[in-house]
There are 2 protein chains.
Amino acid sequence: MNVYAGLTGIPVVKSSISYIDGQKGILEYRGIPIEELVENSNFLEVSYLLVFGKLPTKKEYEKFVSDIKENLELNQGIIKFLKDIPKTTYPMKVLQGIIPILSAFDENKEVLDEKHHYSSLVNLLGKVPTIIANWKKILEGKEPINPDKTLDYAQNFLYMLTGEIPEKEISQMFDKTLILHAEHTINASTFTAIVVVSTLADFYSAVSSAVGALSGKLHGGANEKVFYMLNQIKDLNQIEEFIVNKLNRKERIMGFGHRIYKTYDPRAKIIKNFLTRLSQLKGESELYKKAIKFEETALKYLKDKKIYPNIDFFTAVFYSYLKIPPQLYTPIFAMGRIPGWLAHCKEYIKENKLFRPTQIYDGGHNIHYIPLEKRG
Amino acid sequence: MNVYAGLTGIPVVKSSISYIDGQKGILEYRGIPIEELVENSNFLEVSYLLVFGKLPTKKEYEKFVSDIKENLELNQGIIKFLKDIPKTTYPMKVLQGIIPILSAFDENKEVLDEKHHYSSLVNLLGKVPTIIANWKKILEGKEPINPDKTLDYAQNFLYMLTGEIPEKEISQMFDKTLILHAEHTINASTFTAIVVVSTLADFYSAVSSAVGALSGKLHGGANEKVFYMLNQIKDLNQIEEFIVNKLNRKERIMGFGHRIYKTYDPRAKIIKNFLTRLSQLKGESELYKKAIKFEETALKYLKDKKIYPNIDFFTAVFYSYLKIPPQLYTPIFAMGRIPGWLAHCKEYIKENKLFRPTQIYDGGHNIHYIPLEKRG
């Protein structure tokens with residue numbers, strides 16, 4: 001009997017949430033191409049679509065947005081805690097730690113009940129941005145900024161991060177980057193979420209665990225590393241040498257290549273367009289210029305191998321334009337992925353089957369205990 | 001292509017940590033039968049054995065115990081937080097939430113480095129009992145009791161729970177129940193831990209996520225439910241009727257039956273012996289009398305079906321003898337399982353392979369977005 005190492009290619013669910021065609025560069029949420037959603041919809045509407053399987057009616061949508069607004073504020077005990085813990089605590093640990101506690105503020109405890117699905121979604125969509133933004137302010141030694149219900153979802157988040165109300169066009173672009181992070185079939189974090197929920201643990205436990213998985217450097221975190229990589233390069237003229245050296249040393253180029261996409265990542269294409277627009281509005285930043293030249297140069301060497309920039313490559317540049325510190329890139333990825341995780345949890349428990357894989361034992365048998373005095 | 005629902009029977013690891021023979025009722029840790037470990041060892045020594053694959057030398061053991069004692073105390077910010085959050089927060093959520101934050105107090109951040117394995121183990125073995133005991137005191141509206149380093153591991157925990165230093169014989173029995181909870185091959189929580197660590201997230205993220213999985217009612221939590229079930233029965237004479245009714249309604253009898261053991265659970269046998277001794281020392285409690293009669297009666301109906309009491313059945317009675325409130329039974333299970341989870345994390349990342357299963361898509365394609373005004 002062999003071990004199914006990493007379960008590569010083993011189907012663990014039937015799912016109708018999202019679909020990827022990696023050859024053609026197609027990503028659909030509930031059958032709708034992401035390009036259409038980015039063009040016409042917004043992150044909250046897409047969240048509803050992913051979790052409940054249909055676009056909300058006007059009435060449903062208005063209630064959903066208003067319920068999220070009612071859930072933006074953090075309990076004072078949580079804010080005090082953020083002030084009390086060491087500033088060295090990684091933001092992803094802060095998120096993983098606070099999320100299970102948010103369950104205490106949700107009266108719908110029963111994981112099989114649709115009420116829990118709805119209330120955990122609005123509670124998490126409401127409070128996770130506030131946790132991230134408050135933590136940033138506390139790290140800066142400043143008072144956290146309270147959420148402002150009069151702003152829209154993305155505007156409010158950027159306002160809490162910076163203290164300034166962003167221009168509408170920019171906050172809308174940010175909102176659409178959240179759409180692009182919202183769901184991406186089964187990966188390590190989504191798989192973690194469904195393994196946890198298969199025990200009938202609630203959605204808070206599942207999402208917290210998914211955040212834990214996303215925090216690993218083989219999963220989330222690539223966007224942050226793109227930022228550091230581009231910042232290693234001091235001058236545009238050094239880019240080609242940098243890339244060639246990396247390739248010669250067979251090192252991975254951060255933000256390039258994807259397990260599934262063997263063509264241009266459709267999400268990267270969209271964010272690259274946002275960057276073009278942003279550079280028209282704000283001027284070309286140093287990082288933007290580097291990124292554009294980097295992509296052009298890297299593709300000379302990598303296109304034949306079907307290695308293209310992925311979503312993380314341009315996300316890093318986009319967030320840096322918005323002056324978001326790099327250690328928040330992965331938490332923002334997590335914030336965007338909440339609807340995807342919850343959609344899979346909801347779908348999985350409908351026909352729940354507890355995860356119970358097994359092991360192949362390769363140790364000894366009937367070994368005897370040796371008393372402490374007689375050991376080495 | 002079929003879905004491997006719940007991955008039942010699919011081997012995901014080669015492992016030398018523990019072995020179960022469910023037909024013969026054998027459980028070995030690193031090849032040593034648990035009966036020998038319970039007879040001769042203690043929980044901390046067994047923790048070392050499980051994680052590091054060998055019994056410690058005298059010097060290693062003394063350092064290990066002393067390092068754990070140095071890690072018993074909680075940061076004041078965490079204690080304040082426990083006082084600030086709603087008393088309705090489930091103890092398992094408290095545990096899942098605090099554990100990621102403990103990473104901030106561990107300077108060994110690199111998950112592939114053995115230093116992280118050691119320091120996360122002593123940090124978690126040190127602080128998790130304190131979290132559980134402090135939370136109990138706070139729920140009672142009392143001040144948390146600080147750990148006492150002059151006591152041994154189990155004594156200190158029971159002291160923090162009750163304010164009284166327990167008799168040595170009783171705290172030793174409690175310590176041995178922790179040995180029996182320490183490891184049990186791959187199940188949903190252990191699987192969660194290795195999925196999370198496979199992303200190279202650290203051991204705190206992995207253990208927190210495992211606690212999340214254990215909190216589900218299909219996994220941990222059976223011990224607590226045994227307590228409630230036995231308390232539903234008002235009189236010894238009602239036991240047979242209670243059982244027969246349950247069987248006729250095809251309801252599950254809590255604390256009976258096990259996925260793997262088709263004979264007497266070897267762990268249950270040991271805890272039953274502890275209970276016999278405890279009843280000699282302390283007198284036969286009502287719950288003890290009920291449990292003994294319940295077992296005898298249930299076995300009349302279930303033995304032919306190879307359904308026997310499992311570890312949870314007698315654990316519930318044992319903990320109730322020690323006046324531990326039932327909502328702490330699953331957290332204590334988690335506290336005992338820490339070494340098993342970490343042993344699997346350490347073993348898995350040695351030849352790490354990121355978990356990346358897949359899905360079978362059964363939704364639509366190329367569906368169009370409908371503007372809000374045109375929806376139902």
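The values are calculated or read from the model by the stated rules, or taken from the named source; none is laboratory data. All values derive from a computational prediction rather than experimental measurement. Please note: Cβ atoms are built from the backbone with ideal geometry, for glycine as well, and neighbour counts cover all protein chains shown. Heavy atoms of the whole protein, side chains included, go into the accessibility calculation; ligands, DNA and RNA do not. Shrake-Rupley method; radii C 1.70, N 1.55, O 1.52, S 1.80 Å.
For the range A:279-292, a tally of residues being buried (at least 16 other Cβ atoms within 10 Å of the Cβ) and either farther than 17 Å from A:Ala222 by Cα or under 21 Å from the mean Cα position of the chain (by Cα) (or both) returns 4. Residues considered: A:Thr190, A:Thr199, A:Thr276. Of these, the only one that is among the hydroxyl-bearing types (Ser, Thr, Tyr), more than 8 Å from chain B (Cβ to nearest Cβ) and either more than 18 Å from B:Ala213 (Cα to Cα) or more than 17 Å from the chain's Cα centre (by Cα) (or both) is A:Thr276. Going through (1) within 14 Å of chain B (Cβ to nearest Cβ); (2) aliphatic (A, V, I, L, M); (3) closer than 26 Å to A:Ile271 by Cα one by one, A:Ile85 falls short only on (3). Restricting attention to the range B:203-222, the residues that are facing chain A (nearest Cβ under 8 Å), open to solvent by 10 Å² or more (accessible area, probe 1.4 Å) and in contact with a helix residue (DSSP H, G or I) (Cβ under 6 Å, 6 or more places away or on another chain) add up to 2. Restricting to the range A:22-45, name every residue that is assigned to a helix (DSSP H, G or I), open to solvent by less than 10 Å² (accessible area, probe 1.4 Å) and free of Cβ contacts under 8 Å to residues at least 40 places away in the same chain. Matches in the range A:22-45: A:Glu45 only. Taken together, A:Tyr261, A:Tyr228 contain a single residue that is buried (at least 24 other Cβ atoms within 10 Å of the Cβ) and not basic (Lys, Arg), which is A:Tyr261. Restricting B:Ile179, B:Ile186, B:Ile165 to those that are assigned to a helix (DSSP H, G or I) and either outside the structural domain of B:Arg252 (by TED's automatic domain parsing) or open to solvent by 10 Å² or more (accessible area, probe 1.4 Å) (or both) reduces the list to B:Ile179.
Listed here are the residues, each with its yes/no results for (1) at the interface with chain A (Cβ under 10 Å from one of its Cβ atoms); (2) assigned to a helix (DSSP H, G or I); (3) open to solvent by less than 40 Å² (accessible area, probe 1.4 Å).
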{"residue": "B:Met1", "(1), (2), (3)": "yes, no, no"}
{"residue": "B:Ile20", "(1), (2), (3)": "yes, no, yes"}
{"residue": "B:Phe81", "(1), (2), (3)": "yes, yes, yes"}
{"residue": "B:Thr89", "(1), (2), (3)": "yes, no, yes"}
{"residue": "B:Lys109", "(1), (2), (3)": "yes, no, no"}
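Does the range A:142-152 include one or more residues that are touching a Ser or Thr at 6+ places or on another chain (Cβ under 6 Å), at pLDDT 95 or above and outside any helix (DSSP H, G or I)? Yes, the range A:142-152 has at least one match. Got at least one residue in the range A:119-140 being among the β-branched types (Val, Ile, Thr), in contact (Cβ under 8 Å) with a residue 60 or more places away in the chain, assigned to a helix (DSSP H, G or I) and open to solvent by 10 Å² or more (accessible area, probe 1.4 Å)? Within the range A:119-140 (the criterion being among the β-branched types (Val, Ile, Thr), in contact (Cβ under 8 Å) with a residue 60 or more places away in the chain, assigned to a helix (DSSP H, G or I) and open to solvent by 10 Å² or more (accessible area, probe 1.4 Å)), the answer is no, since none of the residues qualifies.
Matching residues to (1) small (Gly, Ala, Ser); (2) surrounded by fewer than 21 Cβ atoms within 10 Å (Cβ to Cβ); (3) not in a helix (DSSP H, G or I):
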residue: A:Gln327; (1), (2), (3): no, yes, no
residue: A:Met335; (1), (2), (3): no, no, no
residue: A:Pro339; (1), (2), (3): no, no, no
residue: A:Lys346; (1), (2), (3): no, no, no
residue: A:Asn352; (1), (2), (3): no, yes, yes
residue: A:Gly364; (1), (2), (3): yes, yes, yes
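Within the range A:46-53, identify whether any single residue is open to solvent by 10 Å² or more (accessible area, probe 1.4 Å), modelled with pLDDT of 95 or more and either more than 21 Å from the chain's Cα centre (by Cα) or of a type in the set (Lys, Arg) (or both), and answer yes or no. No. A count restricted to the range A:57-79 and to residues that are assigned to a helix (DSSP H, G or I) and within 8 Å of chain B (Cβ to nearest Cβ) stands at 5.
Being buried (at least 21 other Cβ atoms within 10 Å of the Cβ) and either at negative phi or not assigned by TED's automatic domain parsing to the domain that holds B:Ile186 (or both): is that true of B:Tyr301 here? For B:Tyr301, the condition - buried (at least 21 other Cβ atoms within 10 Å of the Cβ) and either at negative phi or not assigned by TED's automatic domain parsing to the domain that holds B:Ile186 (or both) - is not met. Looking only at residues in the range A:3-18 that are of a type outside the set (A, V, I, L, M, F, W, C) and open to solvent by 10 Å² or more (accessible area, probe 1.4 Å), the one that is nearest to the other protein chains (Cβ to nearest Cβ) is A:Ser16. Exactly one residue out of A:Ile367, A:Ile324, A:Ile349 is farther than 30 Å from A:Lys14 by Cβ and in contact (Cβ under 8 Å) with a residue 12 or more places away in the chain: that is A:Ile324.
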